[in-house]
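> My structure is below; once you've seen it, I'll send some questions.
The values are calculated or read from the model by the stated rules, or taken from the named source; none is laboratory data. In this text, all values refer to a predicted model and were calculated from it rather than measured experimentally. Cβ placement follows ideal geometry from the backbone for every residue including glycine, while neighbour counts extend to all protein chains displayed.
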Amino acid sequence: MSEPKILDNFIGGARAPAVGRPTLDVTSPRDGRLLARVPMSTREEVDQAVAAAKRAQPAWARTPTKERATRLFAFRALLLAHLDELGESCATESGKTFAEGRAEVLKGVEVVEFALSLQNLDHGAAMQVSRGVTCEQRREPLGVVAGIVPFNFPAMVPMWMFPIAIAVGNAFVMKPSEKVPLTLCRIAELFAEAGLPAGIFSLVHGGAEVAVALTEHPDVAAVGFVGSTPVARRIYELGTQRDKRVLALGGAKNHLIAVPDADPSITVQGVVDSFTGCAGQRCMAASVLVAVGPIDDLVARVVERARAIELGQGMGAIIDEASRARIVEAIGAATAEGAELLLDGRGARPADRALAGGTWLGPTILDRVRPEAAIRHHEVFGPVLAIVRVPTLRDALALQADSQYGNACSVFTTSGAVAEYVAEHAAAGMIGVNIGVPVPREPFSFGGTKASKFGQGDITGESGVELWSNLKKITRKWEAQPDATWMG
């Protein structure tokens, strides 16, 4: 059996081996196979990548937007041509189903397409503000910027960041998650094949040392981060202490509210797909179902649908054994606090024996969870749904507002008045009506509130343009004017 390859960094438009660095094994959560070894790079490799980016960025910034877009057009075409390959890579290294891996890549392509649209949008403005005086504004890149991304979306979350940042003229240095580095390695190769100039997009593999080095580097102007709330807060503090622009997205505890008039078929599908999709390992997954009033039949149908999910086909694996053990511990703690276990996925395994070596956990549903229970407050990041019973919609919204997180909240109802009331009063950045995963599409941007986000703005769409660029204002006057104003 041949030794698995050691992955290279990608610096200055070429592979750059991290010679002599320790490595970590990259294994597939689906079947336990050893896929590769990833180097634990250091500040030295970060310095090399940032230096290459700094050399390349000025010429890229001077390149007209339409010319920059031609590279993105070619990149988009290559992503679609290799869609199945990239989708399979995402699934293999992150544990998703193959359908989820493919859908993830397509969601990333949507952001590339938005970045392409920037060539046809006027992000400047000019007008006569006084007699003989005009004011103009122009968007300009920041310079060298960086991204630090999590394990749960090897393709999509990185593409939340770098297409827009590069389209507006920045050079980008990315740190993939050391748990899922393979897909981004392939994406970097495709970007180079699309004709992106050397140094404009780089990858540096590693762990916390690389993340800190990028955040602290004096030549990195802005940092985007997606991950847990404690790390998001730390990255935000490190960067802003050095006067950088930082947007760090953290954890979530998303509440779905179901009221008695909810459409059963839409609600059951929406709830189950939300808490089991990507094995619950996404910041938009449902964590809490707030059952308003008498909806026992609806809860029973949710349990029935979740019980029918086939592991390996309808739901993927947990990223690693440490995560699985943490989720199992949270389930046990919840039952010890009095929750009723309607569906226990702790012993579930896929029927396919080829997946026996994977890290599996079935859908789990806990009913009659007390509002003060730990599982109602802490992010589990797994396919676990906690059901809390409340008598009124106001109680449901008070429960949701009590969470330290503010990523998403959805309501299932057939009443427009109820839907509007929740949209107005829910304490979250993204609201859904009869949608279990209310992720907005471009040009609308992605981002929560409270402990789900540190920094201003959002990560995609129009807010992404704001994140990765500055506005320069020019005021002109060519001759004296007869009227006396402060501009005269």
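> Can you pull out every residue in segment 231-269 that is without any contact (Cβ under 8 Å) to a residue 60 or more places away in the chain and part of a loop (DSSP other than H, G, I, E, B)?
GLN241, ARG242, ASP243, LYS244, PRO260
> Also: With of a type outside the set (Phe, Trp, Tyr), closer than 30 Å to GLU136 by Cα and free of Cβ contacts under 8 Å to residues at least 60 places away in the same chain as the only criterion, which of GLU442, GLU466 stands out?
Selected residue: GLU466, the only one of GLU442, GLU466 that is of a type outside the set (Phe, Trp, Tyr), closer than 30 Å to GLU136 by Cα and free of Cβ contacts under 8 Å to residues at least 60 places away in the same chain.
> Follow-up question, since we're still on this one. Taking segment 96-125 only, how many residues are more than 30 Å from GLN48 (Cα to Cα) and in contact with a Ser or Thr (Cβ under 6 Å, 6 or more places away or on another chain)?
Of the residues in that region, 1 qualify.
> Cβ-Cβ below 7 Å, separation at least six or inter-chain, first residue in segment 80-98 and more than 18 Å from ARG282 (Cβ to Cβ), second of a type in the set (Phe, Trp, Tyr) and assigned to a loop (DSSP other than H, G, I, E, B): which pairs?
Pairs found: none.
> Would you call ARG324 surrounded by 14 or more Cβ atoms within 10 Å (Cβ to Cβ), within 27 Å of ARG30 (Cβ to Cβ) and not hydrophobic (A, V, I, L, M, F, W, C)?
yes
> Determine whether segment 375-384 contains at least one residue that is more than 30 Å from PRO29 (Cα to Cα) and charged (D, E, K, R).
The answer is no, given that none of the residues of segment 375-384 is more than 30 Å from PRO29 (Cα to Cα) and charged (D, E, K, R).
> Within segment 99-140, track down each residue that is in contact (Cβ under 8 Å) with a residue 24 or more places away in the chain and acidic (Asp, Glu).
Answer for segment 99-140, where residues must be in contact (Cβ under 8 Å) with a residue 24 or more places away in the chain and acidic (Asp, Glu): GLU100, GLU104, GLU110, GLU113, GLU136, GLU140.
> Being closer than 30 Å to GLU310 by Cα and acidic (Asp, Glu): is that true of ASP219 here?
Judged against the criteria, ASP219 is not a match.
> Under the condition of being polar (S, T, N, Q) and in a strand (DSSP E or B), which residue from segment 117-144 is farthest from ILE318 (Cα to Cα)?
SER130
> Condition check: under 19 Å from ILE166 (Cβ atoms), surrounded by 17 or more Cβ atoms within 10 Å (Cβ to Cβ), within 22 Å of the chain's Cα centre (by Cα) and not aliphatic (A, V, I, L, M). Does GLY108 satisfy that?
yes
> Then there is this: Hey, does segment 342-350 have a residue that's over 29 Å from the mean Cα position of the chain (by Cα) and not assigned by TED's automatic domain parsing to the domain that holds GLU178?
yes
> Only one of (1) over 18 Å from the mean Cα position of the chain (by Cα); (2) under 15 Å from SER469 (Cβ atoms); (3) assigned to a helix (DSSP H, G or I); (4) not basic (Lys, Arg) fails for PHE114. Which number is that?
(1)
> Working only within segment 275-286, note down all residues that are within 15 Å of ALA103 (Cα to Cα) and touching a Gly at 6+ places or on another chain (Cβ under 6 Å).
Answer for segment 275-286, where residues must be within 15 Å of ALA103 (Cα to Cα) and touching a Gly at 6+ places or on another chain (Cβ under 6 Å): just ALA279.
> Related question: Considering segment 11-55 alone, what residues qualify as being in a loop (DSSP other than H, G, I, E, B), small (Gly, Ala, Ser) and either crowded, with 17+ Cβ neighbours inside 10 Å or in the same structural domain as THR359 (by TED's automatic domain parsing) (or both)?
GLY12, GLY13, ALA18, SER28, SER41
> Specify the residue that is farthest from PRO163 (Cα to Cα); the eligible residues are those in segment 434-467 that are charged (D, E, K, R) and in contact with a Gly (Cβ under 8 Å, 6 or more places away or on another chain).
Taking the candidates together, the pick is LYS450.
> With the structure loaded, tell me whether GLY87 is closer than 30 Å to GLY312 by Cα, at pLDDT 95 or above, of a type in the set (Gly, Ala, Ser) and touching a Phe, Trp or Tyr at 6+ places or on another chain (Cβ under 8 Å) or whether it fails that test.
Spelling it out, GLY87 is indeed closer than 30 Å to GLY312 by Cα, at pLDDT 95 or above, of a type in the set (Gly, Ala, Ser) and touching a Phe, Trp or Tyr at 6+ places or on another chain (Cβ under 8 Å).
> Quick one: in segment 417-432, which of the residues that are farther than 27 Å from GLY455 by Cα and in contact with a helix residue (DSSP H, G or I) (Cβ under 8 Å, 6 or more places away or on another chain) is surrounded by the fewest Cβ atoms within 10 Å (Cβ to Cβ)?
That would be TYR421.
> When you go through ARG234, ARG139, ARG242 one by one, which is the residue that is in contact with a Gly (Cβ under 7 Å, 6 or more places away or on another chain), surrounded by fewer than 22 Cβ atoms within 10 Å (Cβ to Cβ) and over 19 Å from LEU86 (Cβ atoms)?
Of ARG234, ARG139, ARG242, the one residue that is in contact with a Gly (Cβ under 7 Å, 6 or more places away or on another chain), surrounded by fewer than 22 Cβ atoms within 10 Å (Cβ to Cβ) and over 19 Å from LEU86 (Cβ atoms) is ARG139.
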